[in-house]
Amino acid sequence: MRITVAGTGYVGLVTGVCLASKGHQVICLDVDEEKVKTMQQGISPIYEPGLSELMQESMENLTFTTDYAGAYKNAEVIFIGVGTPEKSDGSANLSFVYQVAKQIARTAENNCVVVVKSTVPIGTNDKIEQYIHDKQVHDCKIYVASNPEFLAQGTAVRDTLHASRIVIGTDEKYAADILMQVYEKFDAPKITVGRRSAEMIKYASNDFLALKISYVNEIANLCETVGANVEEVTLGMGFDKRIGDYFLNAGIGYGGSCFPKDTKALSWLASFNDKEIRTVKAAIEVNDSQKLKLIKKARKYYDDFLFLNIAVLGCTFKPGTDDLREAPSLVNVPLLLEDGARVRIWDPVGTENFKKQVPNEKIQYCGSIEEAITDADICFIFTEWKDVCDFDVTKYQKLMKRPIVLDGRNCYALDQFEGTGITYGSIGRKTINDTEE
């Protein structure tokens, strides 16, 4: 089929490439000319495992352009995959979605299905459809359907090609039939629901997972107080099929492009309609507090961080991506700098983005974990990169000035530090070789 995908961020580009890999003729549209030139060379502008390879394999079915009129003119299906960033009040900014809708209304000349894949508040698809029909120039039938994405950064290609489910939200049989054809070669359960239900499925799913993470983190914090081990606790919980063992890893909070934004958006939507989802509101509060967990632990060893050498391992919100959105590092590093610390950061892919987010000449970026921790007074682990998890922990004692390792992702087993001179603190577990200044 002739498919156009508006937006080439994580959602749009992964969607376009995966559709092209299944034989569809796909036009990927973006306003950034330099980005388009890069993609025309078969180079992915974002770091996502497997995406570059699949993109190069599918180039005969891919076109990259900034020409929206040409991209929409004869498309059979148009996916809207642009960003819906958070506004200051927590609501979703839909300006990019409406901009695409306006362009479609002006230029589409054939019957087509417009598929909103961007995460949007419940009822948005109805408004988009009316907006397009009000501004439509050519005599053609334009349908609007909801098709929320459930991909996770770091596994986005796999999550798209082998989805847990494909949700098609539409009130029109024609649109449902077209989307069934689009996804015919995708081996995944396909369900058809009303548009508003599809929109809610996305928010309800993401917010439930955010709730689960925040709940486990609160249990972890209590485990530290009462002397329990959160990993043993979650092991016992996970055998219950009603609970499951996914998203039970304690840490310093969730981040990324989805959970923070979607929890706030749903909470705002409820408040706007004179409702309150107290569980979601609590999850937001817990997560904000959890991001500062390591700073609070560090205060046990140092009253302040003035002139201290502090190693930071990992700055992205999770491994397998260069995305920093809502990453704990963005909260913690500025606080350390403000307190007078000398910060050295190691991350395999995220440092360039971090330089843009936190421009500060006092930050030293390191090419290895060893370089980052040498002569450090304390080490913070914010991202569970494989290089960190596989690191020889004895090097902390050999290289650090004072071997205090505070691990926000529970990268190591506790017994790795027994019998060493390393103070090792983690989340929801006892501190090994606990010492105070």
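All of the numbers you see were taken from the coordinates with simple rules; none came from a lab. Quick caveat: nothing in here was measured; it's all calculated off a predicted structure. Don't worry about glycine lacking a Cβ; one is built from the backbone with ideal geometry, like all the others, and counts go over all protein chains shown.
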Residue 288 being under 17 Å from the mean Cα position of the chain (by Cα), of a type in the set (Asp, Glu) and surrounded by fewer than 19 Cβ atoms within 10 Å (Cβ to Cβ): yes
Qualifying residues in the stretch 209-227 (those that are in contact (Cβ under 8 Å) with a residue 24 or more places away in the chain and over 28 Å from residue 92 (Cα atoms)) - the one surrounded by the most Cβ atoms within 10 Å (Cβ to Cβ): 220
Residues located in the stretch 191-214, provided they are more than 18 Å from residue 268 (Cβ to Cβ), basic (Lys, Arg) and under 23 Å from the mean Cα position of the chain (by Cα): 212
Tally, over the stretch 158-187, of residues that are closer than 18 Å to residue 145 by Cα, touching a Gly at 6+ places or on another chain (Cβ under 9 Å) and of a type in the set (D, E, K, R): 1
Single match in 72, 47 (criterion: touching a residue at least 60 places away in the same chain (Cβ under 8 Å) and within 25 Å of residue 178 (Cβ to Cβ)): 72
Out of 74, 61, sole residue that is of a type in the set (S, T, N, Q) and surrounded by 17 or more Cβ atoms within 10 Å (Cβ to Cβ): 61
Qualifying positions in the stretch 228-253 - surrounded by 13 or more Cβ atoms within 10 Å (Cβ to Cβ), of a type in the set (Gly, Ala, Ser) and out of contact with any Asp or Glu (no Cβ under 9 Å at 6 or more places or on another chain): 228
Positions within the stretch 373-389 being in contact with a helix residue (DSSP H, G or I) (Cβ under 7 Å, 6 or more places away or on another chain) and surrounded by fewer than 18 Cβ atoms within 10 Å (Cβ to Cβ), in sequence order: 374, 387
Leading residue by the ranking (farthest from residue 224 (Cα to Cα)) among those in the stretch 390-437 that are out of contact with any helix residue (DSSP H, G or I) (no Cβ under 6 Å at 6 or more places or on another chain) and small (Gly, Ala, Ser): 419
Extreme residue, farthest from residue 296 (Cα to Cα), among residues of the stretch 325-366 that are in contact with a Ser or Thr (Cβ under 9 Å, 6 or more places away or on another chain) and buried (at least 24 other Cβ atoms within 10 Å of the Cβ): 350
Residue in the stretch 352-361 that is basic (Lys, Arg) and under 25 Å from residue 46 (Cβ atoms) present: yes
Those residues of the stretch 159-206 which are surrounded by 17 or more Cβ atoms within 10 Å (Cβ to Cβ), among the hydrophobic types (A, V, I, L, M, F, W, C) and assigned to a helix (DSSP H, G or I), in sequence order: 161, 175, 176, 178, 179, 182, 198, 200, 201
Filter pass, residue 164 being farther than 25 Å from residue 129 by Cα, among the hydroxyl-bearing types (Ser, Thr, Tyr) and within 24 Å of the chain's Cα centre (by Cα): yes
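This table checks each residue for (1) at negative phi; (2) among the β-branched types (Val, Ile, Thr); (3) within 29 Å of the chain's Cα centre (by Cα).
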position	(1), (2), (3)
372	yes, no, yes
380	yes, no, yes
386	yes, no, yes
391	yes, no, yes
399	yes, no, no
406	yes, no, yes
421	yes, no, no
424	yes, no, yes
427	yes, yes, yes
Given (1) part of a loop (DSSP other than H, G, I, E, B); (2) surrounded by fewer than 24 Cβ atoms within 10 Å (Cβ to Cβ); (3) in contact with a helix residue (DSSP H, G or I) (Cβ under 7 Å, 6 or more places away or on another chain); (4) not aliphatic (A, V, I, L, M), number of the condition residue 315 does not satisfy: (2)
